[in-house]
Amino acid sequence: MLHVMTYVAPSSIHGLGVFTAAPVAKGTLIWTFEEYFDRRYDEAQFQALHPVIHEYFKVYGYRDKHDGFYYMTVDNDRFTNHSETPNTCVDSLGNCYALKDIACNEELTADYREFYTDLEQLGPFMSNELNNEMMSKINTEVNYAAS
């Protein structure tokens with residue numbers, strides 16, 4: 001769960017991003033897993049999910065390299081984009097902190113390699129073209145399933 005006020009807007013990095021709605025001081029706790037808000041699945045639970053949910057996870061979820069669980073955040077955190085020079089960092093417990101003072105309206109970024117297990121899957125979601133292709137596929141499947 002995000003502990004700072006944010007909003008989602010177009011990102012110069014990739015598709016949509018999450019931006020601060022107020023200044024954030026260096027060292028501020030930005031995100032923690034909230035059991036009754038965010039989602040976490042072990043391997044068996046994840047494999048039992050519908051295949052469309054697996055596709056959704058490829059864009060908005062991740063498998064944590066520290067504990068092996070699959071995570072899906074339900075707030076704006078799912079729009080956090082990868083950066084080689086992030087303004088946040090993730091500790092071994094999965095908590096996210098501001099690496100520097102972050103201005104109001106600045107995009108929050110993370111180095112996915114700090115927590116992401118399936119690094120080989122990161123490549124496609126670093127480019128807008130492939131991300132848009134995946135989102136189109138997900139939206140088509142979701143709309144079809146809803147009919």
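The values are calculated or read from the model by the stated rules, or taken from the named source; none is laboratory data. Fair warning: this is a prediction, and the values are worked out from it, not measured in the lab. Backbone-built Cβ (ideal geometry, glycine too); neighbour counts: all protein chains shown.
Summary table
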| quantity | calculated |
| --- | --- |
| Unmet criterion (only one of (1) part of a loop (DSSP other than H, G, I, E, B); (2) more than 21 Å from ASN87 (Cα to Cα)) for PHE46 | (1) |
| Test: LYS58 is free of Cβ contacts under 8 Å to residues at least 60 places away in the same chain and of a type in the set (Lys, Arg) | no |
| Pairs with Cβ under 7 Å, 6+ apart, first in region 69-97 and within 16 Å of TYR7 (Cβ to Cβ) and touching a residue at least 24 places away in the same chain (Cβ under 8 Å), second of a type in the set (A, V, I, L, M, F, W, C) and surrounded by fewer than 18 Cβ atoms within 10 Å (Cβ to Cβ) | VAL74/PHE37; ASP75/MET1; ASN76/VAL8; PHE79/VAL8; PHE79/LEU16; ASN81/ILE13 |
| Some residue of region 32-44 being under 24 Å from LYS100 (Cα atoms), surrounded by 13 or more Cβ atoms within 10 Å (Cβ to Cβ), in contact with a strand residue (DSSP E or B) (Cβ under 9 Å, 6 or more places away or on another chain) and of a type outside the set (Gly, Ala, Ser) | yes |
| Among (1) within 14 Å of TYR112 (Cα to Cα); (2) at pLDDT 95 or above - the single one ASP91 does not satisfy | (2) |
| Lone qualifier among ARG63, ARG40 - being out of contact with any Lys or Arg (no Cβ under 6 Å at 6 or more places or on another chain), free of Cβ contacts under 8 Å to residues at least 40 places away in the same chain and under 20 Å from VAL90 (Cα atoms) | ARG40 |
| Index of the failed condition, ALA9 passing every other in (1) assigned to a strand (DSSP E or B); (2) crowded, with 16+ Cβ neighbours inside 10 Å | (2) |
| Subset tally (residues that are outside any strand (DSSP E or B) and either crowded, with 17+ Cβ neighbours inside 10 Å or in contact with a Gly (Cβ under 9 Å, 6 or more places away or on another chain) (or both)) for region 101-110 | 1 |
| Checklist (1) under 22 Å from ARG113 (Cβ atoms); (2) touching a Gly at 6+ places or on another chain (Cβ under 9 Å); (3) modelled with pLDDT of 85 or more applied to LEU2, failing item | (2) |
